[in-house]
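The values are calculated or read from the model by the stated rules, or taken from the named source; none is laboratory data. On a predicted model such as this, the values are computed, not experimentally measured, just so you know. All Cβ positions, even for glycine, are placed from backbone atoms using ideal geometry, and neighbour counts span all protein chains on display.
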Amino acid sequence: MEKSNKILYLSITSSILVILLKFFQWIIVDKLTVFILLPISFCVYAFFIGITVATVINWLKNKFRKPLAVQVITILLLFFFPFNQIILNIDFKSNMYERQEVVAMVKNHTLKPNISYNPSLIHLPEKYTHLSKGGGDIIVEKYEEEYNVFFFTFRGILDNYSGFVYTSNDVIFFEEDIKQTKKFDESWYFIGSY
């Protein structure tokens, strides 16, 4: 195989790996933990950076631009393409109906707090555990007849978290910890604390 073609194939491979990592990083965190994501990310990005350096050298020596163009396009995608927003939109839309079922079960007391050390936590039935990452637990806060039901999209190690919260009156009760809030739909918000 000609050296220029080899660098082009390596460039395409490294770019695909980086883009796949961006799309699947939260699944890796949920299924394997953040401690596994770190070495995977290091390997993928080190490979990508190494290939980028090789494409620059190849371009300077041989004026072969395609591998460098692939790397530049990938870098632009990394900085300007909203990977996380797309993943959140897909998660929200694909799980909306089931999350509404869970909220209805909380409101009609079919689902009640079932974790002894925290009266706000409910471990979801097996059918619904995929709706809340990091163990299948939701947080329920009630004030008079108003509810907040929180589904994790990321459950951090100590106090970092993010997720979708249903609010029956557009008031989020645990707002003192929140650093990011975005309305997704009627009565539904994405919140994050980091």
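Quick notes on this one:
- Unmet criterion (only one of (1) surrounded by 14 or more Cβ atoms within 10 Å (Cβ to Cβ); (2) touching a strand residue (DSSP E or B) at 6+ places or on another chain (Cβ under 6 Å); (3) of a type outside the set (Ser, Thr, Tyr); (4) not in a loop (DSSP other than H, G, I, E, B)) for LYS183: (1)
- Looking across the stretch 53-75, the residues that are surrounded by 13 or more Cβ atoms within 10 Å (Cβ to Cβ) and under 22 Å from PHE24 (Cα atoms) come down to VAL70, GLN71, VAL72, THR74, ILE75.
- Cβ-Cβ contacts under 6 Å between residues 6 or more apart (or on different chains), taken from a first residue in the stretch 165-194 that is closer than 13 Å to VAL103 by Cβ to a second residue that is part of a helix (DSSP H, G or I) and at pLDDT 85 or above, are listed as TYR166/VAL103.
- Just one of the numbered conditions (1) assigned to a helix (DSSP H, G or I); (2) not assigned by TED's automatic domain parsing to the domain that holds VAL140 is not true of PHE64: (1).
- Unmet criterion (only one of (1) under 22 Å from LEU111 (Cβ atoms); (2) not in a strand (DSSP E or B)) for ASP159: (1)
- Flag if LYS127 is exposed (fewer than 12 other Cβ atoms within 10 Å of the Cβ) and more than 20 Å from GLN180 (Cβ to Cβ): yes
- Of the residues making up the stretch 45-68, none is under 30 Å from GLY136 (Cα atoms) and aliphatic (A, V, I, L, M).
- Scanning the stretch 76-123 for residues that are in a loop (DSSP other than H, G, I, E, B), exposed (fewer than 14 other Cβ atoms within 10 Å of the Cβ) and not aliphatic (A, V, I, L, M) yields a count of 11.
- Residues in the stretch 128-152 that are farther than 18 Å from GLU101 by Cβ and either acidic (Asp, Glu) or not in a loop (DSSP other than H, G, I, E, B) (or both): GLU141, LYS142, TYR143, GLU144, GLU145, GLU146.
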